[in-house]
Each structure stands twice: as C-alpha cells, then as structure tokens.
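Engineer: Dropping a structure here in structure tokens format, bear with me for questions.
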Ligand SMILES: [Zn+2]
C-alpha cells in the first residue's frame with residue numbers, strides 16, 4: 001500500500017491515542033512520509049514546512065483507524081446459513097467482497113482480521129488491497145473454515161451430493177485436520193478459522209452447548225498451523241470448547257461466550273485475545289423475526305447474548321484483551337453497521353467509550369499481529385487515522401455515521417470521508 005509523500009498536520013481537535021489515555025485537548029498530529037512523527041499538544045508541535053497540508057479537525061476527534069477483528073468480506077445479506085455456500089458463484093462473491101471492503105474503509109475501518117472466507121477470496125483480496133487495486137482495510141486473511149463432519153457448518157445433506165466446498169473443510173480425526181490445514185497453507189492464508197463448538201443458529205444438533213471438534217482435532221490443527229507460521233482461531237461458545245481451544249494453543253478465541261474460572265485462568269495465562277462479536281446476538285433477537293428466525297433460535301441468541309456480555313465484562317475486569325468485531329454480513333446485521341459493536345459495548349455491556357476504542361484500535365492491531373505498526377497514534381506508526389467531526393469520547397455512536405468522518409487515512413493518504421467528496 002502506497003504511503004503519502006510530504007507532510008500533513010491535523011489540528012484543532014482532541015486526540016484519542018487508542019492506548020487508553022484520556023483525550024488530549026487542543027492536539028496536533030503530524031504525519032511525514034505516511035508515518036506519524038508527532039502526536040501531542042499543538043503548542044509543542046514541530047514547525048510545519050510551508051508546503052504541508054493542513055487538515056482542520058473542526059474541534060472534533062483525531063484517533064486511530066478502527067480495526068474490525070471478525071470480518072467476513074465474503075458474506076453478504078446472509079438470511080439462512082445455506083446462503084453462505086450455494087447462493088452465488090465465486091465470481092460474484094469476489095465482487096461483493098471487494099464492495100464490502102470499500103464500504104468498511106468508508107466506515108473508518110482501516111484494518112480488518114478475517115473471521116473466515118468463502119473460497120479463497122480473502123487471500124487475493126488482501127493482495128488487491130495491498131496493491132492499491134481496490135480500496136479496503138489492511139486485511140489479515142483467513143480461508144475456508146475447518147469443522148468436524150456433522151458439526152455446525154456441515155448442513156448440506158449427503159444425498160444432495162454438493163458438499164460444502166466453498167465454505168468449509170470438513171474433517172474426521174486429527175489426520176484429516178492436519179490435511180485441511182495443509183490445504184490452507186497452500187492457499188496462502190494467515191489465519192485458520194475453526195468451529196470447536198455449535199451455535200444458537202442450529203438448535204437441533206449443534207446448539208451453543210455442543211462441541212463440533214475434538215480436542216485431538218484442534219490440537220492437530222494448531223500443530224500443523226504453527227509449524228507453517230499460521231495462527232489459529234475458533235468459534236467457541238460452550239465452556240468445554242473454549243478450554244479445549246486454549247489448551248490446544250489457539251492464538252485467539254471468537255466469542256468466548258460461556259466462561260468459567262478455569263477458562264479464565266487458561267485465557268489469562270497466555271493473554272489470548274477474545275473477539276466477542278456480541279451485537280450480532282442482539283441484532284438476531286431484534287430483527288430475527290423479520291428474517292424468519294424461529295423462536296428457538298432467538299431464545300438461544302438471548303442466552304448467548306447474556307452469557308457473552310457477562311464474559312466480556314469479566315475478561316475486561318480481569319485484564320484480558322478484547323477485540324471489536326461483529327460478524328457483519330447477515331441480513332439483520334449488514335455490512336456498514338460495524339461501529340454498532342462499539343456503541344453496543346458502551347450502552348449494553350458497560351464499557352467506557354475509551355475502553356471500547358482501545359479494543360477497536362490497539363488490541364485489534366495486536367490481533368492482526370501488527371501492534372508495532374498500527375493501532376495507536378504514536379510516532380513511528382503508520383498514519384492510519386480518523387478525523388471525526390464530533391466528540392467521540394462523549395458520544396461513541398458518532399462513529400456509526402460515516403458522514404461524520406472528515407478524513408479516513410491509511411498511511412497518511414486520505415482514502416474516504418468528507419475530504420474525498422466533491423463540495424456541493
Ligand atoms: Zn464469523
């Protein structure tokens with residue numbers, strides 16, 4: 001991705017650094033050659049060269065670009081699980097995924113960690129974004145997801161003979177788990193996404209207290225993935241599944257819905273980040289009926305909402321790390337709504353706006369494995385920056401409205417926001 005040339009000075013706003021410091025009033029951010037060279041009080045800022053570009057934050061907020069930590073670029077208006085693998089061919093899903101990436105960037109998301117991809121689209125999308133061919137968040141790619149035969153993601157009956165090829169690699173036993181990882185290694189993914197547990201979406205045979213992989217299978221996944229320098233994460237709701245994942249050496253946990261003390265100790269021992277993706281549960285409850293979700297499914301989502309909110313609060317209190325990502329791409333939880341996750345954590349879970357922002361910036365960058373380059377406004381880091389018209393620390397929901405973005409910057413280049421729109 002090309003970096004900006006020259007110097008840009010952003011001023012006349014409060015600075016939120018993403019590392020949890022209170023907002024700094026009357027701040028300036030100086031960017032040179034695409035990287036931050038100064039973040040601090042405007043009074044102490046270095047003198048700008050005469051040709052520097054000046055961006056006026058209009059008394060608003062200067063903050064790090066957001067990181068969507070559970071991003072499905074390839075999901076689009078999914079109304080039933082079946083939509084995921086048989087609705088569209090790979091050609092159209094690729095175009096939809098590119099459109100979703102452009103939208104995410106316009107929504108202030110300058111980076112994203114994939115939570116699973118149809119076909120092998122993420123890998124090539126990442127290349128296209130890195131080459132400035134399509135606009136989008138800096139992407140950490142996943143590929144097809146791994147699930148045990150008969151588990152949550154194995155819903156096409158055998159008599160249809162259509163398998164689940166574009167979506168999941170179905171496995172029986174550690175040898176097949178290893179073989180699936182090796183396929184993904186060849187595909188070029190960075191993250192291996194697995195399904196250790198079921199979900200409220202499948203109340204009959206794979207509900208949120210069910211396991212979809214054995215410990216031995218999960219351990220084989222980690223063993224093969226780590227050998228090839230890939231990271232592993234998994235959809236973990238049931239307590240036993242969370243513990244299996246932590247004991248198997250997972251690098252992140254998605255959801256971590258039903259935690260107990262033992263699971264917490266395992267989590268904290270290796271400081272494994274968790275991405276709860278909780279607003280999805282509320283959206284499923286509130287909007288599920290219009291999409292035909294059954295009462296049993298909605299009741300299950302109520303249970304995972306309560307359990308997940310309690311676990312997230314507890315993890316934060318215990319000093320664990322949480323990323324903000326929301327499984328967007330379903331009909332009731334569409335792309336573009338990403339920042340609702342942050343408002344939800346403030347309004348429903350009880351996080352402070354600065355906590356939610358730190359989860360969505362610094363921790364997100366750490367989950368990407370790029371905490372030294374991204375995620376906070378500090379000298380030396382890439383200038384992935386949001387300039388927002390409004391006080392985000394006082395009203396987090398401002399981030400939901402992309403019309404409020406004055407500038408969305410990647411590497412010092414303004415990619416979206418009011419500055420990129422022609423004046424009316
Ligand atoms: Zn997901």
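Rule-based calculations on the coordinates, nothing more; no lab input. This is a predicted model, so every value here is computed, not measured. Neighbour counts are summed over all protein chains in view; Cβ atoms, including those assigned to glycine, are modelled from backbone coordinates with ideal geometry.
Engineer: How do 191, 314, 332 line up, fewest other C-beta atoms within 10 Å first?
Structural biologist: Details: 191 26, 314 14, 332 20.
Result, fewest neighbours first: 314, 332, 191.
Engineer: While we're looking at this one, here's another question. How far is it, in nm, from the label point at residue 102 to the one at residue 149 when both lie 7 Å from their Cα along the line to the Cβ?
Structural biologist: Distance between the two pseudo-spin positions: 4.3 nm.
Engineer: Angle check, please: helix 173-187 long axis (alpha carbons) against the longest principal axis of the chain (alpha carbons), in degrees 0 to 90, nearest 10.
Structural biologist: Between helix and principal axis, roughly 40 degrees.
Engineer: I need the calculated FRET efficiency for the pair residue 226 and residue 56, taking r as the beta carbon distance and R₀ as 41 Å, to the nearest 0.05.
Structural biologist: Details: r = 48 Å, r/R0 = 1.16.
For R0 = 41 Å, the calculated efficiency reads 0.30.
Engineer: Please build a GNM for the chain, connecting alpha carbons under 10 Å apart, and tell me which residue among 280, 159, 258 fluctuates the most.
Structural biologist: Sorting by GNM fluctuation, first place goes to 159.
Engineer: Can you sort 146, 54, 285 by how many other beta carbons sit within 10 Å, fewest first? Don't skip to the end; give the middle numbers.
Structural biologist: Numbers: 146 31, 54 12, 285 20.
Fewest-to-most Cβ neighbours within 10 Å comes out as 54, 285, 146.
Engineer: For the pair residue 348 and residue 318, what calculated FRET efficiency results from E = 1/(1 + (r/R0)^6), where r is the Cβ-Cβ distance and R0 = 22 Å, to the nearest 0.05? Walk me through the numbers on the way to the answer.
Structural biologist: Values: r = 20 Å, r/R0 = 0.89.
The computed FRET efficiency comes out at 0.65.
Engineer: Of 117, 141, 131, how do they rank once you tally other Cβ atoms within 10 Å and put the fewest first?
Structural biologist: Details: 117 31, 141 22, 131 10.
Ascending number of Cβ neighbours within 10 Å: 131, 141, 117.
Engineer: To continue, here is another question. Place a label point 7 angstrom from the Cα of residue 81 along the Cα-to-Cβ direction, then list the residues of region 101-118 whose backbone nitrogen is under 17 Å away.
Structural biologist: 116-118
Engineer: Using only the alpha-carbon atoms of region 144-298, report the extent along each of the three principal axes, biggest first, to the nearest angstrom.
Structural biologist: Answer, in whole Å and largest first: 45, 43, 23 Å.
Engineer: Hey, another quick one. How far apart, in nm, are the 7 Å Cα→Cβ label points at residue 172 and residue 299?
Structural biologist: 3.3
Engineer: While we're here: With N set to the residue count of region 351-424, report its C-alpha Rg divided by 2.2 N^0.38 Å to two decimal places. Walk me through the numbers before you get to the answer.
Structural biologist: Values: Rg = 13.1 Å, N = 74, 2.2 N^0.38 = 11.3 Å.
Ratio of Cα Rg to 2.2 N^0.38 Å: 1.16.
Engineer: Using the alpha-carbon atoms, what tilt in degrees (0 to 90, nearest 10) does helix 295-317 show relative to the longest principal axis of the chain?
Structural biologist: Helix 295-317 and the main axis of the chain meet at about 50 degrees.
Engineer: Given only helices, namely DSSP H runs of n ≥ 4 each adding -39500 (n - 2.57), what is the per-residue ellipticity at 222 nm of the chain, to the nearest 500 deg cm²/dmol?
Structural biologist: Counting only the DSSP helices, I get -9000 deg cm²/dmol.
Engineer: Separate question: Express the Stokes-Einstein translational diffusion coefficient of the chain in µm² s⁻¹, to the nearest whole number, given a Kirkwood radius over alpha-carbon pairs, 4 °C and a viscosity of 1.567 mPa s.
Structural biologist: It diffuses with D of about 60 µm²/s by this estimate.
Engineer: Normalised by the residues of the chain, what does the relative contact order come to in percent, with Cα pairs under 8 Å and at least six apart? Walk me through the intermediate numbers first.
Structural biologist: Numbers: 1050 pairs, mean separation 86.7, N = 424.
Over the chain, the number comes to 20 percent.
Engineer: Follow-up question, since we're still on this one. Taking the chain as the reference, fit the longest principal axis to its C-alpha atoms, fit the long axis of helix 90-106 to the helix C-alpha atoms, and give the angle between the two in degrees, 0 to 90, nearest 10.
Structural biologist: 40
Engineer: Can I ask one more? Give the distance, in whole Å, between the Cα centre of region 352-391 and the Cα centre of region 70-124.
Structural biologist: Their Cα centres are 23 Å away from one another.
Engineer: When DSSP assigns beta bridges and you keep just the ones with both residues in the chain, what percent turn out antiparallel, to the nearest 5?
Structural biologist: Values: 27 of 57 bridges.
That works out to approximately 45 percent antiparallel.
Engineer: Starting from the coordinates of the alpha-carbon atoms of region 272-424, obtain the Kirkwood hydrodynamic radius over all distinct pairs and give the value in Å to one decimal. Mind dumping the intermediate values first?
Structural biologist: On the way: mean 1/r = 0.0598 Å⁻¹.
After inverting the pairwise mean of 1/r, the radius is 16.7 Å.
Engineer: Further, regarding this structure: Which length gain, in nm to one decimal place, applies between residue 3 and residue 421 when the Cα-Cα distance is subtracted from 0.36 nm times their residue separation?
Structural biologist: Working: separation 418, 0.36 × 418 = 150.48 nm, distance 2.07 nm.
Taking residue 3 through residue 421 to full extension adds about 148.4 nm, to one decimal.
Engineer: Which FRET efficiency value, to the nearest 0.05, is calculated for residue 90 and residue 372 with the Förster distance at 35 angstrom and r the Cβ-Cβ distance? Present the calculation step by step, with values, prior to reporting the outcome.
Structural biologist: Values: r = 35 Å, r/R0 = 1.00.
With R0 = 35 Å, the Cβ-Cβ based efficiency is 0.50.
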